[in-house]
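The values are calculated or read from the model by the stated rules, or taken from the named source; none is laboratory data. Model, not experiment: these values are computed from the prediction. Cβ: placed from backbone, ideal geometry, glycine included. Neighbour counts: every protein chain shown. Ligands, DNA and RNA are stripped out before the accessible areas are found, and what is left, the full protein with its side chains, is counted by its heavy atoms. Shrake-Rupley method; radii C 1.70, N 1.55, O 1.52, S 1.80 Å.
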Amino acid sequence: MSGIPVLDDGSKQQRYEALVDSYYQDVYRYGFWLSKNQSLAEDLVQETFLRAWRSLDSLQDEKAAKAWLFTILRRENARLYERYRPELVDIEDQSIAESTDKEPDQSMDKELLYSAISRLDSDYREPLLLQVIGGFSGKEIADILKLNSNTVMTRLFRARSKLRQQFVPDEHQQEQD
Amino acid sequence: MDEIEFRRRAYTNPFDADADFVDAVESNSEYKSWLQELQAFDAQITDIANEIPIPEGLAERIKYRQKKEPGSMNLSPRRYLAIAASVIIAVGATVSLTLYNSRPTAEDIAFGDVVLQHLYAEAAFLDSNFDVNFQQANQVMEVIGAKFDDNTTIRNLIIKFANDCLVIPLNESVHFIVEGSNGPVTFIIINNNPVSTEFNLDDGRFSGKVIPIENGNLVIVGEKDEPLERFRNLINENVEWVI
């Protein structure tokens with residue numbers, strides 16, 4: 001929406017709070033997958049929304065707000081945390097809510113799938129999570145990750161096929177690593 | 001659509017709505033059946049990815065934090081609600097002063113408050129255990145134009161976290177967390193104007209010192225009762241200014 005007048009502080013506040021309400025959960029969830037720690041994920045989300053507030057005037061198109069927030073989150077994660085991340089992280093299973101209503105083998109499958117997602121190389125896991133948590137298109141994912149679309153498509157393909165192979169191992173795989 | 005292309009498209013996005021993909025699926029019962037299984041699997045991935053529980057009150061804390069943000073030098077620590085500390089720090093954390101030869105100025109005290117606030121904001125990093133090595137530590141020290149001496153004292157230091165720091169956004173600073181005898185010890189070195197005199201920071205949970213040094217300020221903070229002198233000596237004796 002070009003030519004929008006500068007908002008007064010009240011409108012800016014409302015606009016900001018609407019952004020928080022709409023997106024804080026997805027942003028937190030993605031932040032948790034990046035950091036694997038509840039406290040750090042909360043710090044990431046706080047910093048993300050603070051920076052969003054400071055540069056809210058630069059967001060021209062509300063439709064781009066979610067991708068914009070995820071881009072800020074990734075930048076914050078890189079700044080605060082990624083430098084010293086160990087290669088393999090011990091994954092605490094705090095994310096899987098206790099599901100006492102499920103059959104034991106269903107819970108086991110969920111844990112196995114969670115573990116499999118966590119152990120994907122981050123180059124594959126992150127586009128996949130952007131797709132399934134953020135609901136982003138290939139083009140949006142490419143913009144967020146600053147990759148070209150073909151690379152994103154290849155990584156999505158590899159992420160899913162690797163996961164699928166672990167659970168349906170006799171299925172014909174088109175691409176081997 | 002040949003099978004290779006079909007599978008490539010399906011794995012990239014099992015819910016691809018492009019007309020050519022949809023037509024290929026509708027016109028081939030094997031593709032359709034295979035895709036339905038893949039979509040069911042993908043639904044499980046989506047469920048798992050989105051099952052991360054959201055901490056209670058998160059939206060309120062995000063909004064609260066922003067309301068405190070613009071230009072404010074407030075004294076309430078950012079995430080005290082979320083910190084599992086045994087002491088709740090009230091708004092307006094007080095700084096207890098030990099009188100030295102001269103009293104810290106109001107500006108010095110305000111700086112101490114900012115540092116404390118920053119510590120609470122980054123309290124999550126106190127649990128870090130990144131096993132930072134000597135080379136990595138010195139890469140961080142480059143930010144402030146300093147370096148650690150290469151000796152056994154520094155090599156034996158257990159550094160759990162090291163990064164540049166934004167405690168004072170316009171000044172370069174570094175933030176280290178090392179293992180102390182009572183828990184983690186934070187030291188922050190900031191290239192800003194040195195405070196007029198050394199003074200303590202004590203707020204019931206943390207025990208620390210702000211120390212003017214050659215190129216700025218050294219802040220050392222540990223858990224209550226942590227002996228801090230050895231860390232002051234460690235920095236004084238093993239850090240060299242390169243610039």
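Select from the range B:127-176 the residues that are among the hydroxyl-bearing types (Ser, Thr, Tyr) and more than 10 Å from chain A (Cβ to nearest Cβ) and write down the one among them that is nearest to B:Pro194 (Cα to Cα). Spell out how you get there, then give the answer.
Taking the range B:127-176 first, the residues among the hydroxyl-bearing types (Ser, Thr, Tyr) are B:128, B:152-153, B:173.
So of that shortlist, the ones also more than 10 Å from chain A (Cβ to nearest Cβ) come out as B:152-153, B:173.
Working: B:Thr152: 29, B:Thr153: 26, B:Ser173: 13 Å.
So the residue we want is B:Ser173.
Taken over the range A:121-171, the residue count meeting the criterion of being outside any helix (DSSP H, G or I) and surrounded by fewer than 19 Cβ atoms within 10 Å (Cβ to Cβ) is 10. Applying the condition of being within 10 Å of chain B (Cβ to nearest Cβ), of a type in the set (S, T, N, Q) and in contact (Cβ under 8 Å) with a residue 24 or more places away in the chain to the range A:38-64 and asking which residue is farthest from B:Ala49 (Cα to Cα) yields A:Thr48.
Restricting the range A:60-81 to residues that are in contact with a strand residue (DSSP E or B) (Cβ under 9 Å, 6 or more places away or on another chain) and not hydrophobic (A, V, I, L, M, F, W, C), which is least open to solvent (accessible area, probe 1.4 Å)?
First, the residues of the range A:60-81 that are in contact with a strand residue (DSSP E or B) (Cβ under 9 Å, 6 or more places away or on another chain): A:79-81.
Those still in the list that are not hydrophobic (A, V, I, L, M, F, W, C) too: A:79, A:81.
Working: A:Arg79: 69, A:Tyr81: 31 Å².
Among those residues, the one meeting the criterion is A:Tyr81.
It is to be established whether one or more residues within the range B:126-138 are of a type in the set (Phe, Trp, Tyr), open to solvent by 10 Å² or more (accessible area, probe 1.4 Å), within 29 Å of A:Gln46 (Cβ to Cβ) and under 17 Å from the mean Cα position of the chain (by Cα). The answer is yes, given that some residue of the range B:126-138 is of a type in the set (Phe, Trp, Tyr), open to solvent by 10 Å² or more (accessible area, probe 1.4 Å), within 29 Å of A:Gln46 (Cβ to Cβ) and under 17 Å from the mean Cα position of the chain (by Cα). Comparison of B:Ile48, B:Ile54 shows that the only residue that is at pLDDT below 95 and crowded, with 18+ Cβ neighbours inside 10 Å is B:Ile48. Filtered by the rule that a residue be under 20 Å from B:Phe41 (Cα atoms), more than 11 Å from chain A (Cβ to nearest Cβ) and touching a helix residue (DSSP H, G or I) at 6+ places or on another chain (Cβ under 9 Å), the range B:1-25 gives B:Phe21, B:Val25.
Residue count for the range B:29-60 under the criterion of being farther than 16 Å from B:Phe15 by Cα and more than 7 Å from chain A (Cβ to nearest Cβ): the result is 5.
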